[in-house]
Amino acid sequence: MVAKNLSVSFLIAGTIRHLLMLSTFAPYIRDRVEVSTPLNSWKRVLEGAHLHERGVDPYSGDMYHENPLILVTTNFLIKNLSPFIPGMFVLIDLLSALFIFGMARIVARELLGRQKKEQSTYAKGTEELQLRDEDEEIIPLYCTVAYLFNPYSILNCVGQTTTVFSNLLLSAFFYFMAKRKIIPAVAALVLETQRNFYPGVLIVPLAIHIYRQEGGCGRCRAIRSILLFILGLGIVNYGSYLVMNSWTFLDATYGFILNHRDLQPNIGLFWYFFTEMFDHFRDLFLWTFQINATVLYLIPLALKLRNEPLMLATVLAGLGAIFRSYPCVGDVAFYMSLLPMWKFGQKFMLHNFVVGCFFLITSVLGPVVWHLWIYSASANANFYFGVTLAFATAQIFLITDLLFAFIKREFCLKHGLSISKDGKETRMTLE
């Protein structure tokens, strides 16, 4: 039954994407700032391939910001398989969903196996917090459907952004991480980190997962995974240098992301802040924002979630999507598809309704305010930034709610749902 539902879901999702790509809405979607950014725009990819084909360095200006490997690949596709490119985006997006399904199935199976081993230590009356046998099939299906039919992932695919490639690499990384396959997991992470350095922090949950699951030799394998990641990143960047015979791509890719040189509005928080920023304060706040988007939460979260590295990876993926310099709805769609893996903490998630309303309202209000600002001239940048700020706030509420729910569930499994102090029932809160 699950296989049938899954097949139907893939068929419907692929059809929706294909029909939208053929519709008159496709050009409008590609031009939306919520979908396309200076970093992932397909128009910029076409421009870069055009310049490279004519012997002009695409990194000499401020138009192209993908890495040379994508430049060579897209140049080949445009020259030889141009009519099939829209279908390729659909297939890649469906393949990402397939990786998510495989990853969620492995995680659900391991969670159930661990629960059976630890069930004797659980407090009485906590049955509603425990996984059921049918969750082994339900959780993977929910995760897959959450990606296939998420409006953000559909818009990302129809917009033909290179974030589709990112979601494929990240989903492959999570799948191989769940399987504890070091080399393919590191390879996927290296390729994604080369085009956008924020996911590089995911090497930490991978190392922790390898360390925890491999017994006595786990430490050696964990260290090996980190060294392979560093070595692989160096090899890929050197390969990019050989392709271009120049290191200019580093400033056009990593430097462009780090310095946030393009202030085109998007769903993130950088663009408005640095539009208003005095130049002599720019470096200070630029480093503050970038540290917040990368390593600020890494150590405390790694210490707290050291026993659940996949939850750590989910939270880091979400935080990276919120605070990066050029976010888009495709980044949001990916980490949202991972949330059903942790559905057993639903009882403790207190802000679902508020978060859902925020997502719905901001998703509708964003294009409206953009039209009022850009086309009608009856609004200004403050209006659109207010919408993006509310959208980011909703995501922060979602991630923190998920994290607190996970911790509360772990505590209640050991100590029970009812906690007494001085003979009176008390309420547990996290501060």
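Side notes on the structure shown:
- Residue match in the stretch 97-116 (condition: open to solvent by 50 Å² or more (accessible area, probe 1.4 Å) and either touching a Ser or Thr at 6+ places or on another chain (Cβ under 7 Å) or among the hydroxyl-bearing types (Ser, Thr, Tyr) (or both)): no
Let's see how each residue does on (1) of a type outside the set (D, E, K, R); (2) touching a Ser or Thr at 6+ places or on another chain (Cβ under 9 Å):
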position: Arg180; (1), (2): no, no
position: Arg195; (1), (2): no, yes
position: Ala207; (1), (2): yes, yes
position: Cys217; (1), (2): yes, no
position: Ile226; (1), (2): yes, no
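- Elements of type helices (runs of 4 or more DSSP H) contained in the stretch 1-87, each with 1 or more residues being basic (Lys, Arg) and open to solvent by 80 Å² or more (accessible area, probe 1.4 Å): 2-22, 42-53, 68-80
- Scan of the stretch 126-160 for residues that are open to solvent by 30 Å² or more (accessible area, probe 1.4 Å), among the β-branched types (Val, Ile, Thr) and within 26 Å of Glu410 (Cβ to Cβ), ordered by number: Ile138
- Within the set Phe165, Phe173, the sole residue that is closer than 19 Å to Ala321 by Cβ, free of Cβ contacts under 8 Å to residues at least 40 places away in the same chain and among the aromatic types (Phe, Trp, Tyr) turns out to be Phe173.
- Scanning the stretch 227-282 for residues that are of a type in the set (Val, Ile, Thr), touching a residue at least 60 places away in the same chain (Cβ under 8 Å) and closer than 21 Å to Arg195 by Cβ yields Val236, Val243, Thr248, Thr253, Ile257, Ile267.
- Being open to solvent by 60 Å² or more (accessible area, probe 1.4 Å), part of a helix (DSSP H, G or I) and farther than 30 Å from Ile138 by Cβ is a property that holds for Leu303.
- Residues that are modelled with pLDDT of 95 or more and of a type outside the set (A, V, I, L, M, F, W, C) do not occur anywhere in the stretch 110-120.
- Among the residues of the stretch 375-393, those identified as surrounded by fewer than 22 Cβ atoms within 10 Å (Cβ to Cβ) and within 18 Å of the chain's Cα centre (by Cα) are Ala392, Thr393.
- Residue satisfying condition, being under 22 Å from the mean Cα position of the chain (by Cα), open to solvent by 20 Å² or more (accessible area, probe 1.4 Å) and farther than 30 Å from Phe358 by Cβ, within set Ile203, Ile226: Ile226
- Count - residues of the stretch 238-271 that are among the aliphatic types (A, V, I, L, M), open to solvent by less than 30 Å² (accessible area, probe 1.4 Å) and in a loop (DSSP other than H, G, I, E, B): 1
- Members of the stretch 71-124 found to be polar (S, T, N, Q) and either farther than 30 Å from Gly48 by Cβ or out of contact with any helix residue (DSSP H, G or I) (no Cβ under 6 Å at 6 or more places or on another chain) (or both), listed by number: Thr73, Asn80, Ser82, Gln115, Gln119, Ser120, Thr121
- Tallying residues that are touching a residue at least 40 places away in the same chain (Cβ under 8 Å) and either part of a helix (DSSP H, G or I) or open to solvent by 10 Å² or more (accessible area, probe 1.4 Å) (or both) within the stretch 336-365 yields 18.
- Close Cβ contacts (under 8 Å, 6 or more residues apart or on different chains) running from residues in the stretch 107-120 that are over 16 Å from Arg212 (Cα atoms) and without any contact (Cβ under 8 Å) to a residue 40 or more places away in the chain to residues that are of a type in the set (A, V, I, L, M, F, W, C) and surrounded by 16 or more Cβ atoms within 10 Å (Cβ to Cβ) comprise Leu112/Leu131; Gln115/Leu131.
- Arg306 falls short on exactly one of the conditions (1) within 25 Å of Val33 (Cβ to Cβ); (2) modelled with pLDDT of 90 or more; (3) not hydroxyl-bearing (Ser, Thr, Tyr), and that condition is (1).
- Search result, residues across the stretch 351-388 that are under 20 Å from Asp401 (Cα atoms) and out of contact with any helix residue (DSSP H, G or I) (no Cβ under 8 Å at 6 or more places or on another chain): Phe353, Gly356, Cys357, Leu360
The values are calculated or read from the model by the stated rules, or taken from the named source; none is laboratory data. Treat the numbers as computed from the prediction; the structure is a model and nothing was measured. Using ideal geometry, Cβ is built from the backbone for each residue, glycine included, and neighbour counts are taken over all protein chains shown. Side chains are part of the model used for accessible areas, which takes the heavy atoms of the whole protein and leaves out ligands, DNA and RNA. Shrake-Rupley method; radii C 1.70, N 1.55, O 1.52, S 1.80 Å.
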